[in-house]
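To start, the structure under review is shown below, and the notes come after it.
The values are calculated or read from the model by the stated rules, or taken from the named source; none is laboratory data. From a predicted model like this one, the values you see are computed outputs, not experimental measurements. Note: ideal-geometry Cβ built from the backbone for every residue, glycine included; neighbour counts use all protein chains shown. Protein only, heavy atoms only, side chains kept; ligands, DNA and RNA dropped before computing areas. Shrake-Rupley method; radii C 1.70, N 1.55, O 1.52, S 1.80 Å.
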Amino acid sequence: MTGAMKIANILLLLFSLAYTLPVVAQRGSGVRRAQQSFDKAVSQLTNQQYDLAIASLEEAIALDARFAAAYQQLGDIYRRQKDYGRAVDNYRQVIQLDSTLTPLTWFGLGESLFLTGNYPDALMALRRYRDTPGLASESQRRTDKYIADCTFGIKALRSPVPFSPRNAGAAINSPDDEYFPRLTADQRTIIFTRKKDNRENFFESSRDSSGTWREAVFLRGQINSDLYNEGAHCISPDGKYLFFTGCNRPEGLGSCDIYVSRREGDRWGTPHNLGTPVNTQGWEAQPALAADGRTLYFVSNRRGGQGGYDIWKTSLESDGQWQAPENLGPAINTPYDESSPYIHADNRTLYFASNGWPGLGNKDIFKSKKDSSGQWEKPVNLGYPINDHHEQSALTVSMNGGQAFFSTRRTDGCGGLDIYTFELPIASRPHPVAYLKGVIIDAESGTPLQAGVTVTDVASNLVLYDEQADYEDGTFLAPLPFGKTYALHINRPGYLFFSESYPLDDSTKINDAYEIRIPLSRIRVGTSATLSNIFFETDRYTLLPRSKSDLEQLIKFLNLNSKVRVEIGGHTDNTGNEAYNQQLSENRAKAVYDYLRNAGISASRLTYKGYGQSRPTARNDTPEGRQLNRRTDFTIIE
């Protein structure tokens, strides 16, 4: 719990006790010693000596078993200490002894019953309180909120969703608390928070060749500290960057700030505070990085929100600066608290925790999706028993949408909070996403290369991924939502650029990983590269709009390598007349040539030629072979 939340709870406790004491004190006990014990408890409450106050009130009840005011005060203390079972017992004693003592008895009973999952009885008590004449507007609002929650809870329990959580095992879990699980896109590495001796630090585990988790180890490097708490984090899809929450650090701007660290070999480097405008003098925490590596969601209590703790979003500019964060607005945030955002790799589905939307008690996990216009739809509760009257938070969902990880307390656990996994119900799943995991190397030496990597949706020409491969090992990982065709492009000065097409519309490959090794060839006269994403209608030579990604990458290549002169070559398969194919291939090569000229590339750097069916790269006796032969390429001629 954060310091700000602790203060809020203390203030709420003091307000509740201060509000109730004058009312119940008017109905004292006829037993003098019982009254003295009660008065002593009042003094102890004023000094926040709650355990002593409980002992004094129990003493008063022992001396006068019909002392309704003492039961009321005990109920209030237990409720604010979240011991709801004892609170219910004491409030019911008040109602049995003196149901007109104070209307707040019904509210306390209703809230306590709600937070123990007894929704029908809670609803009855809260409705009784709601009928109190002259109820203040804030009390009406709070009670109406609980009534809506109870109504939802009754309905949810009647329609449970499939839920069979499995403990992640002793390699990850321990007798201490483990929570906030976050995994890399390939699900081979997990980083989580472990709380031991009131200290929060990161631990890490990876899978062996059989898929079994290895024994979790203390996160190596510069992130974990001896003096401060670290937690509430996210990992970039490729596992190279860790964004996390650091509190009360000397370089911090507020009580908690968001930091980032880069993996350097098997260790994590020195964390860097994201600074303004992401961090403020307030509280910023619980970062969630989108699959594009440039959009960051997080939680803050800064000004300009909907109230309480809200989810905000910022984006990384091309100059490396973060944009001014924007609030996700009332479509997601409420006047209460939202937390633990997780944006799935489909970039459309947001999971988060909230106690503002109708739920089953404390915080529940919700899902919201962006509609076709990019607006967030109304959040949907994941349902019972994924959510219950306890607090839920920090859900992580696999790329294919089928598996979820979260933390909870269960009797089959290793002790405290444990990390569990479960199959996510179909209605709660995001759009499935695969990933393209690649390594870029020099074609001659095999040396890893840093190069620009872009992934484009060829139908919309929307760039979904635009990053540099890792400068140490040449690796990259790009998420690819199923159901579309993508163009992959690799660019590095002094090298031919790489172009490939990935049609991901086969549902049987939903769990596949696309892992490739990309050799880049240095620019030399005579070397060629295929433009895999140039498209024409059958027997036509007008460029289709989905050819734009390859054409723009070719323009980028020519601008990066300004002394290069190229020939655009057109090729066909052997279907039809040879003379016809020769003319078609030349017309198609000229179409690309014309596009480049219209884009400002000098005619002195370009030429084009049709080769018809004379240069096949595959056999023409299969549909796949003929498709490979129908191509456009370019060759370095100077």
Out of 485, 572, 542, sole residue that is surrounded by fewer than 16 Cβ atoms within 10 Å (Cβ to Cβ) and of a type outside the set (Lys, Arg): 542
Here is a check on your reading of the model: is residue 297 touching a strand residue (DSSP E or B) at 6+ places or on another chain (Cβ under 6 Å), closer than 30 Å to residue 401 by Cα and open to solvent by less than 10 Å² (accessible area, probe 1.4 Å)? yes
Which one is modelled with the highest pLDDT among residues in the stretch 231-253 that are in a loop (DSSP other than H, G, I, E, B) and open to solvent by less than 20 Å² (accessible area, probe 1.4 Å)? 236
Output the residues belonging to the stretch 396-415 that are among the hydrophobic types (A, V, I, L, M, F, W, C) and either closer than 22 Å to residue 287 by Cβ or within 15 Å of the chain's Cα centre (by Cα) (or both). 397, 399, 404, 405, 406
Would you mind finding the one in 83, 89 that is open to solvent by 80 Å² or more (accessible area, probe 1.4 Å), modelled with pLDDT of 95 or more and at negative phi? 89
Residues of the stretch 82-108 being more than 37 Å from the chain's Cα centre (by Cα) and not in a helix (DSSP H, G or I), which ones? 99, 100, 101, 102, 103
Among what's in the stretch 216-230 and is touching a strand residue (DSSP E or B) at 6+ places or on another chain (Cβ under 7 Å) and over 13 Å from residue 261 (Cα atoms), pick the residue that is most open to solvent (accessible area, probe 1.4 Å). 218
Within the stretch 139-160, take every residue that is in contact (Cβ under 8 Å) with a residue 40 or more places away in the chain and open to solvent by 40 Å² or more (accessible area, probe 1.4 Å) and give me the one that is nearest to residue 425 (Cα to Cα). 160
Among the residues of the stretch 465-490, which ones are outside any loop (DSSP other than H, G, I, E, B) and closer than 17 Å to residue 556 by Cβ? 465, 466, 467, 468, 487, 488, 489, 490
Mind checking whether some residue in the stretch 584-598 is loosely packed, with under 15 Cβ neighbours inside 10 Å and either modelled with pLDDT under 90 or more than 47 Å from the chain's Cα centre (by Cα) (or both)? no
Of the residues in the stretch 572-616, those that are touching a residue at least 60 places away in the same chain (Cβ under 8 Å) and either over 20 Å from residue 555 (Cα atoms) or part of a strand (DSSP E or B) (or both) come to none
Mind checking whether some residue in the stretch 198-208 is part of a loop (DSSP other than H, G, I, E, B), modelled with pLDDT of 95 or more, out of contact with any Leu (no Cβ under 6 Å at 6 or more places or on another chain) and open to solvent by 20 Å² or more (accessible area, probe 1.4 Å)? no
Can you tell me which residue among 624, 578, 638 is more than 21 Å from residue 500 (Cβ to Cβ), surrounded by fewer than 18 Cβ atoms within 10 Å (Cβ to Cβ) and modelled with pLDDT under 90? 638
